[in-house]
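K.L.:
Submitted below is the structure of interest, expressed as structure tokens.
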Amino acid sequence: MRNKLNGLFLLIGLIYSSSCKQAHTHSQAESNADSTAISSINAAGFTEHIGKLASDSFQGRKPFSKGETLAIDYIKNQFQKLKLLPGNGQSYFQDVPMVEVTSTPGTLTITGTKGNLSLNYLTDFVAVSRHESNEINIVKSDLVFVGFGIKAPEYGWDDYQGLDVRGKTVIVMVNDPGFYDSTLFKGKTMTYYGRWTYKYEEAARQGAAGCIIIHDTAPASYPWTVVRSSFSGSKLYLKEADKGLNRAGAEAWITTDAANKLFKLAGHSDDLLAQAKTKGFKAVDLHLEASLKLVNEIKYAMSHNVVARLEGTTHANEYIIYSAHWDHLGIGEAVKGDSIYNGAIDNATGCAAILEIAKAFTLQSKKPERSIVFIALTSEEQGLLGSEYYGTHPIYPVKKTVADINIDALSSFGITKDISVIGFGQSELDEYAKASALKQNRVTMKEPNPSAGAFFRSDHFNFAKVGIPSLYTESGINSIAHGSAWGKAQSEDYTAHRYHQSADNFEPATWDFSGMVEDTRLLYDVGNTLANERNFPSWKTGSEFKVIREKSLR
């Protein structure tokens with residue numbers, strides 16, 4: 001990124017005027033909340049915060065780096081300027097103990113009776129290891145294709161049935177069977193069984209030495225470049241007592257082309273992948289062996305969640321949480337001379353949003369009855385680690401936490417008529433979002449691509465896992481100015497060319513801030529409503545989180 005802030009603030013007035021002409025019309029007059037508070041959420045604030053957090057000086061905000069120190073100090077200082085209370089006792093920080101493992105793989109060698117196959121790091125495969133060991137050496141490990149690598153009794157599906165894969169390396173497909181057959185699982189709505197995180201977890205439970213996921217852009221919902229950037233360089237994990245030895249030695253991905261070559265060497269065609277999509281598929285021993293050596297560099301350190309609180313007036317012991325992750329990918333592989341992965345959209349926008357919402361609450365003439373907690377979370381990009389740690393080490397009692405409102409990657413292409421509720425149908429928070437959208441003459445919609453598994457891909461998921469009703473929205477695609485086709489094209493262009501790439505830069509001259517302003521005002525309104533009522537929203541019947549919540553409230 002060649003982000004030059006000289007002259008940036010000369011643009012703020014123009015940007016502010018442009019966005020507010022659109023956003024102000026749709027929201028301010030229709031909201032029950034304080035108009036001064038609402039209008040304080042504006043393009044000028046977003047420009048200031050994103051311009052700082054996504055600048056090259058913050059080095060892509062990777063945990064354990066100078067970028068972490070700069071980012072968390074900036075957010076803490078903003079909380080202090082707003083006169084918010086420290087959110088963790090007397091501190092604005094929650095320590096998150098982690099380990100950084102930098103895995104350097106050699107060549108992945110596949111051997112069989114019909115020949116050998118050498119796969120090259122980055123172009124053909126990526127691999128990491130959670131083992132806190134200096135060297136992991138997988139030698140001639142039997143390769144077994146286990147379809148989706150899913151063991152789901154509630155769906156009558158078991159790819160590991162009758163198998164013993166201890167010491168072997170399993171090859172699995174991305175997503176779940178519903179992506180290909182709407183009668184299976186939840187159809188096009190991905191279940192957690194489809195997430196790459198689950199694939200590795202299940203392989204470890206089965207005792208596999210390695211797990212290789214076959215990348216395919218459509219069911220994965222992102223291109224190989226995203227896998228390449230996310231699984232190269234150092235990876236962070238929460239510190240574990242067993243030093244990560246409960247996991248497979250190697251957790252890898254291969255490209256579709258590499259997988260096809262591998263299956264051909266084993267004497268199988270593409271039909272094998274098709275067979276694995278049908279119920280009753282039996283795993284196939286490929287009669288191949290995999291060898292891979294990884295050299296690890298290990299570093300122990302403490303990362304941090306940043307937490308602040310606005311004390312409620314009459315029900316201060318009940319909490320609304322606003323969350324957003326402050327981290328991104330840091331400095332990585334250079335693309336067109338740019339090696340800083342600034343994460344302007346993902347997720348400097350979300351951090352800016354919670355700061356803008358915090359400002360709005362402090363400006364209200366009537367202070368909220370319930371307490372409002374603001375958390376900027378660490379290591380979302382490394383596997384939702386900051387929120388996982390908070391979920392298992394909550395600062396505020398889960399049973400007293402009314403809801404989490406999570407903000408991640410707001411769009412830069414203007415106001416949309418719609419806003420997507422991720423995991424639509426899970427909780428009563430759907431109705432709160434709908435009511436706030438109506439105040440803006442907008443509509444809430446189901447996510448346009450539920451097969452992408454977005455419900456499991458941001459920090460709200462870890463709040464949901466402990467039972468806290470969680471709302472996560474994404475910007476819509478039905479652009480008020482240009483229509484749905486244009487909005488969809490903008491969203492797809494971001495995923496293809498900027499998401500988790502060094503091109504996710506702050507471009508204030510070309511961004512239209514009005515959409516992120518409007519979406520943030522909507523989420524502020526949701527929280528304000530929750531903060532001034534006595535209801536505890538529930539998970540809906542059929543949600544896997546309903547039982548967890550009911551137990552937490554006992």
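K.L.:
For the chain, return all DSSP H helices satisfying: extent of Cα atoms along own axis at least 18 Å; mean Kyte-Doolittle hydropathy at least 1.6. Let's see the in-between values first.
P.N.:
On the way: long enough: 12-27 (21 Å, -0.14); 66-81 (22 Å, -0.89); 349-363 (21 Å, 1.33); 484-497 (19 Å, -1.22); 514-531 (25 Å, 0.04).
Both cut-offs are met by no helix.
K.L.:
Explain nothing, just the number: relative contact order of region 144-260, from Cα pairs under 8 Å at least 6 residues apart, as a whole percent.
P.N.:
Details: 185 pairs, mean separation 29.4, N = 117.
It rounds to 25 percent for region 144-260.
K.L.:
Given C-alpha coordinates of region 345-419, what is the ratio Rg to Rh with the Kirkwood estimate of Rh? Mind showing how you got there, number by number?
P.N.:
Numbers: Rg = 14.4 Å, Rh = 14.4 Å.
Looking at region 345-419, the ratio lands at 1.00.
K.L.:
Taking neighbour Cβ counts within 10 Å as the exposure measure, how do SER133, SER40, SER458 sort from fewest upward? Kindly include the intermediate steps, with their values, before the conclusion.
P.N.:
Working: SER133 17, SER40 20, SER458 26.
Arranged by neighbour count, lowest to highest, SER133, SER40, SER458 become SER133, SER40, SER458.
K.L.:
I would also like to ask the following. Which of the listed residues, TYR74, ASN449, PRO153, is farthest toward the dipole's positive end in the chain, when Lys, Arg count +1 and Asp, Glu count -1 at the beta-carbon?
P.N.:
Of the listed residues, the answer is TYR74.
K.L.:
Collect residues whose amide H, placed 1.01 Å from N in the peptide plane, falls under 5 Å from the amide H of GLY312; neighbours closer than 5 in sequence don't count.
P.N.:
Under 5 Å from the amide H of GLY312 lie the amide H atoms of SER371, ILE372, each far enough along the sequence or on another chain.
K.L.:
Enumerate the whole-percent occupancy of each 10 Å bin, from 0 to the last occupied one, for all C-alpha pair distances of region 399-516.
P.N.:
13, 42, 34, 10, 1
K.L.:
How large is the dipole of the chain about the Cα centre if only Lys and Arg carry +1 and Asp and Glu carry -1, each at its Cβ, rounded to the nearest 20 debye? Mind dumping the intermediate values first?
P.N.:
On the way: 57 positive and 61 negative charges, 117 e Å.
Value, rounded to 20: 560 debye.
K.L.:
Please list the non-local residues whose amide H lies under 5 Å from the amide H of SER303, H modeled 1.01 Å from N, same-chain partners needing a gap of 5 or more.
P.N.:
For SER303, the qualifying residues are VAL96, MET98.
K.L.:
Could you tell me which residue out of LEU363, VAL284, LEU522 lies farthest along the dipole of the chain toward its positive end? Charges go on the beta carbon: Lys and Arg +1, Asp and Glu -1, centred on the Cα centre.
P.N.:
Going by the charge dipole, the pick is LEU363.
K.L.:
For region 100-298, take the alpha-carbon Rg, divide it by the Kirkwood Rh, and send me Rg/Rh. Write down the numbers at each step before the final one.
P.N.:
On the way: Rg = 15.8 Å, Rh = 16.8 Å.
Rg/Rh: 0.94.
Computed from the coordinates by the stated procedures, all read-outs in this text should not be read as laboratory data. If you're wondering where the values come from, they're calculated on a predicted model, not measured in any experiment. For neighbour counting, all protein chains shown are included, and Cβ atoms are generated from backbone atoms with ideal geometry for every residue, glycine included.
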